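A.B. asks: Supplied in structure tokens, the structure appears directly below.
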Amino acid sequence: MNETTTAAAAGLDGVVYDFVVPARQPWSRVIKAGEILRIIDLEGQQAVDFLCYNAADPGDRYSSMNTIKVQGNSYIGKGTVLYSDAGVPLFTVTEDTLGRHDTVYGCCSIPNNFLRYGVKTTESCYSNFLSELATHGMDRSAIVSNVNFFMQVPILDDGSAGVAADVSPPGGFVDLRAETDVLAVISNCPQMHNPCNAYNPTPIRVIVRTAD
């Protein structure tokens with residue numbers, strides 16, 4: 001996987017980083033305060049599991065509960081602020097073509113795949129997070145309930161929930177403005193046993209640019 005910086009190809013000003021993350025693979029980068037991370041669902045219907053950490057204090061990580069409670073909504077969309085455990089604003093969603101990204105379903109794991117589907121897998125978002133966090137000197141204690149971009153989990157009146165199919169069209173994107181220096185970590189989900197990826201994991205694109 002080669003890093004590229006292709007401002008013209010991105011069609012955006014101020015691009016400092018442009019990379020296609022292959023299907024099933026992890027990715028990470030420190031996004032500096034004021035920079036904007038764009039995540040693009042290139043082919044559509046690809047779940048992107050996402051964690052983030054205060055780069056100056058990686059023990060202060062994304063908090064789904066703070067984020068949900070402060071905004072009073074269980075979905076992530078334009079205007080949402082992603083808060084840390086300590087209440088530090090990490091990212092603000094400044095643009096969003098979908099508007100209802102999941103915050104409750106967490107990431108797939110090898111044990112969870114066996115419990116839910118009765119299958120023994122060799123890859124998962126949890127294992128992707130483990131390997132990518134290790135490159136930053138972090139371990140499994142850093143893995144918390146994550147955002148699932150481009151994935152929706154409707155919660156019905158009786159409390160039941162499940163992954164919705166066919167919700168993210170090709171080319172959909174979300175823009176995240178870093179409110180401080182933030183370590184962003186992605187697992188480009190390898191799940192093949194529910195419709196989050198339409199049973200066909202595909203690449204995504206990540207672009208980092210300076211603020212407009």
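A.B. asks: Loop only by DSSP, 13 or fewer other Cβ within 10 Å of the Cβ. Give me the chymotrypsin sites (Phe, Trp or Tyr not before Pro) in segment 128-212 that pass, ordered by residue number.
C.D. replies: 199
A.B. asks: Moving on. Summarise the accessible area of the chain (1.4 Å probe, protein heavy atoms) by the percent that is carbon and sulfur.
C.D. replies: Solvent-exposed carbon and sulfur of the chain make up 51 percent of the total.
A.B. asks: Rounded to whole Å and ordered largest first, report the semi-axes of the equivalent ellipsoid of segment 33-133 derived from its Cα gyration tensor (root of 5λ).
C.D. replies: Numbers: eigenvalues 123, 59, 42 Å².
Each semi-axis is the square root of five times an eigenvalue, giving 25, 17, 14 Å.
A.B. asks: Run the lone-cysteine check on the chain: no other Cys C-beta under 4.7 Å from the residue's C-beta.
C.D. replies: Cys with no partner Cβ under 4.7 Å: 52, 108, 189, 196.
A.B. asks: Can you give the percent of C-alpha pairs in segment 133-212 whose distance is more than 19 Å?
C.D. replies: Across segment 133-212, Cα pairs with separations above 19 Å total 54 percent.
A.B. asks: For segment 130-207 and segment 63-118, what is the separation of their Cα centres, given in Å?
C.D. replies: If you average the Cα positions of each part, the centres end up 9 Å apart.
A.B. asks: If each of residue 94 and residue 193 carries a label point 7 Å out from its Cα toward its Cβ, how far apart are those two points in nm?
C.D. replies: Those two pseudo-labels are separated by 4.0 nm.
A.B. asks: To continue, here is another question. For the chain, take N as its residue count and report Rg(C-alpha) divided by 2.2 N^0.38 Å.
C.D. replies: Cα Rg divided by the expected 2.2 N^0.38 Å: 0.95.
A.B. asks: Next up: Per 10 Å bin, what is the whole-percent P(r) computed from every C-alpha pair distance within segment 75-152?
C.D. replies: 17, 37, 35, 11
A.B. asks: Using unit Cβ charges (K, R positive; D, E negative) and no other charged atoms, how large, in debye to the nearest 20, is the dipole of the chain about its Cα centre?
C.D. replies: On the way: 14 positive and 23 negative charges, 65 e Å.
Charge dipole, the chain, about its Cα centre: 320 debye, nearest 20.
A.B. asks: Over the heavy atoms of residue 136, what accessible area does a 1.4 Å probe trace out, to the nearest 10 Å²?
C.D. replies: 80 Å²
A.B. asks: Another question, then. In debye, nearest 20, what is the charge dipole magnitude of segment 1-118 about its Cα centre with +1 on Lys and Arg Cβ and -1 on Asp and Glu Cβ, if you could check?
C.D. replies: Charge dipole, segment 1-118, about its Cα centre: 300 debye, nearest 20.
A.B. asks: So for 104, 81, what's the accessible-area order with a 1.4 Å probe, most first?
C.D. replies: From most exposed to least exposed: 104, 81.
A.B. asks: Which of these, 18, 181, 139, has the largest mean-square fluctuation under a Gaussian network model of the chain (Cα springs below 10 Å)?
C.D. replies: Between 18, 181, 139, it is 139 that shows the largest mean-square fluctuation.
The values are calculated or read from the model by the stated rules, or taken from the named source; none is laboratory data. Everything numeric here is computed off the predicted structure, so don't read it as measured data. Neighbour counts run over all protein chains shown; Cβ positions are idealised from the backbone, glycine included. When the accessible area is computed, the model is the full protein with side chains, heavy atoms only, and any ligands, DNA or RNA have been set aside. Shrake-Rupley method; radii C 1.70, N 1.55, O 1.52, S 1.80 Å.
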